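Shown next, in structure tokens, is the structure this report addresses.
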Amino acid sequence: MRIGQQPGGDGAHGSSATALADRFTGPGLPSRLMRRTLAYVALTKPRVIELLLVATIPTMLLADRGTVDIRLILATLFGGWMGAASANTLNCVADADIDKVMKRTAKRPLAREAVPTRNAFVFGVVLGVGSFAWLWWQANLLSGLLVVATILFYVFVYTLGLKRRTSQNVVWGGAAGCMPVLVGWSAVTGGIGWPAVALFAVIFFWTPPHTWALAMRYKEDYRAAGVPMLPVVATERAVTKQIVVYTWLTVLATLALVPATGVIYAAVALVAGAWFLLMAHQLYAGVRRGESVKPLRLFLQSNNYLAVVFCGLAVDSVLGWDTIGSFFS
């Protein structure tokens with residue numbers, strides 16, 4: 001995961017690094033080196049790692065509310081980036097066969113044989129070892145161990161275990177995408193507090209509606225690859241009903257964090273949550289009425305929702321005003 005990686009949610013479009021690599025088509029050595037470099041960058045799925053930035057920084061700011069330790073934040077982001085890049089690269093290695101089948105992923109480096117599979121595997125392992133060593137050195141052992149656990153969970157539990165066997169793959173596999181908050185919190189505190197668990201729950205419940213909306217758009221791709229995503233095996237009505245349920249759980253999880261925050265986060269969580277719920281209910285209502293719906297809109301806007309909530313948390317934490325919980329203590 002995406003530390004940073006959401007299972008199944010690999011983006012609606014091709015990697016920007018892959019697209020950039022396609023521009024270097026000349027026969028000269030500089031062009032070949034650039035294409036190879038960008039192919040390795042594409043293996044890490046850089047657009048997917050955006051969640052790392054969205055989740056880790058606000059969590060660290062909340063853990064050290066009212067204080068901004070730039071050095072520790074940057075060090076943790078770098079270590080987390082290496083961990084996410086490792087997990088994504090190893091995911092590409094494990095999924096190379098189905099990436100060749102799916103139109104959405106056919107331009108990935110291993111699918112088009114731009115990088116040897118053995119090299120990609122070594123690249124992923126080196127990044128993983130590097131992330132552990134870096135976080136142990138710059139933060140603490142717990143942060144390093146959490147990154148390793150994330151990589152192993154994403155590759156072995158989700159990619160090799162759940163993805164091709166159950167329609168609930170992204171529900172349980174989504175735990176990998178929640179790990180940045182635990183890494184960030186542990187980097188600051190050396191432990192895992194209940195606010196970190198609440199933020200873990202936010203991303204955990206957010207992952208299914210986010211990913212299923214994308215899978216609704218590309219369900220034929222998943223069907224061709226033999227991946228039993230929920231939209232492949234269930235009706236649109238059943239899928240959108242589940243999207244509504246998990247959206248409600250997501251919003252409730254954001255509100256569970258309110259006692260540890262101030263009025264700014266509370267207001268943002270309420271308004272953004274109402275907006276996210278409205279979008280989910282509109283999608284479900286459209287399917288019930290038999291209309292032609294656009295689930296990709298929910299997929300894209302769900303990213304904005306999460307970004308808004310975590311940005312609100314970041315601002316609230318930097319200001320460090322009295323927490324709502326303090327008024328009741």
(Q) Among the listed residues Val183, Val188, Val170, identify the single one that is assigned to a helix (DSSP H, G or I), within 19 Å of the chain's Cα centre (by Cα) and over 22 Å from Ala94 (Cα atoms). (A) Val183
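Tell me, which residue of the stretch 254-303 that is of a type in the set (Val, Ile, Thr), part of a helix (DSSP H, G or I) and in contact (Cβ under 8 Å) with a residue 40 or more places away in the chain is surrounded by the most Cβ atoms within 10 Å (Cβ to Cβ)?
Restricting attention to the stretch 254-303, the residues satisfying the condition of being of a type in the set (Val, Ile, Thr) are 254, 258, 261, 263-264, 268, 271, 287, 293.
Filter once more, keeping what is part of a helix (DSSP H, G or I): 254, 258, 263-264, 268, 271, 287.
Next, from what is left, pick out any that are in contact (Cβ under 8 Å) with a residue 40 or more places away in the chain: 254, 258, 263-264, 268, 287.
Numbers: Thr254: 29, Val258: 17, Val263: 14, Ile264: 17, Val268: 20, Val287: 21.
The selected residue is Thr254.
Kindly indicate whether Thr67 is polar (S, T, N, Q), in contact with a helix residue (DSSP H, G or I) (Cβ under 7 Å, 6 or more places away or on another chain) and closer than 26 Å to Leu306 by Cβ.
Values: polar (S, T, N, Q): yes; in contact with a helix residue (DSSP H, G or I) (Cβ under 7 Å, 6 or more places away or on another chain): no; closer than 26 Å to Leu306 by Cβ: yes.
No.
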Q) Going through the stretch 169-228 one residue at a time, which ones are closer than 18 Å to Thr240 by Cα and of a type in the set (Asp, Glu)? A) Glu220
Q. Only one residue in Val232, Val244 is over 30 Å from Val101 (Cα atoms) and touching a helix residue (DSSP H, G or I) at 6+ places or on another chain (Cβ under 6 Å). Which one?
A. Val244
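One line per residue, one yes/no per condition, for (1) on the phi > 0 side of the Ramachandran plot; (2) outside any loop (DSSP other than H, G, I, E, B); (3) without any contact (Cβ under 8 Å) to a residue 60 or more places away in the chain; (4) of a type in the set (Val, Ile, Thr):
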{"position": "Met60", "(1), (2), (3), (4)": "no, yes, no, no"}
{"position": "Arg71", "(1), (2), (3), (4)": "no, yes, yes, no"}
{"position": "Ala85", "(1), (2), (3), (4)": "no, yes, yes, no"}
{"position": "Arg104", "(1), (2), (3), (4)": "no, yes, no, no"}
{"position": "Lys107", "(1), (2), (3), (4)": "no, no, no, no"}
{"position": "Phe132", "(1), (2), (3), (4)": "no, yes, yes, no"}
Q.
Return the residues of the stretch 149-191 that are without any contact (Cβ under 8 Å) to a residue 60 or more places away in the chain, under 18 Å from Leu313 (Cα atoms) and open to solvent by 10 Å² or more (accessible area, probe 1.4 Å); say none if nothing qualifies.
A. Leu182
**Q.** Residues located in the stretch 39-58, provided they are in a helix (DSSP H, G or I) and among the hydroxyl-bearing types (Ser, Thr, Tyr)
**A.** Tyr40, Thr56
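The values are calculated or read from the model by the stated rules, or taken from the named source; none is laboratory data. Note that the coordinates shown come from a computational prediction; the quantities given were computed from them, not determined experimentally. Glycine gets a Cβ as well: all are built from the backbone with ideal geometry, and neighbour counts include every protein chain shown. Please note that ligands, DNA and RNA were not included when accessible areas were found on the heavy atoms of the full protein model with its side chains. Shrake-Rupley method; radii C 1.70, N 1.55, O 1.52, S 1.80 Å.
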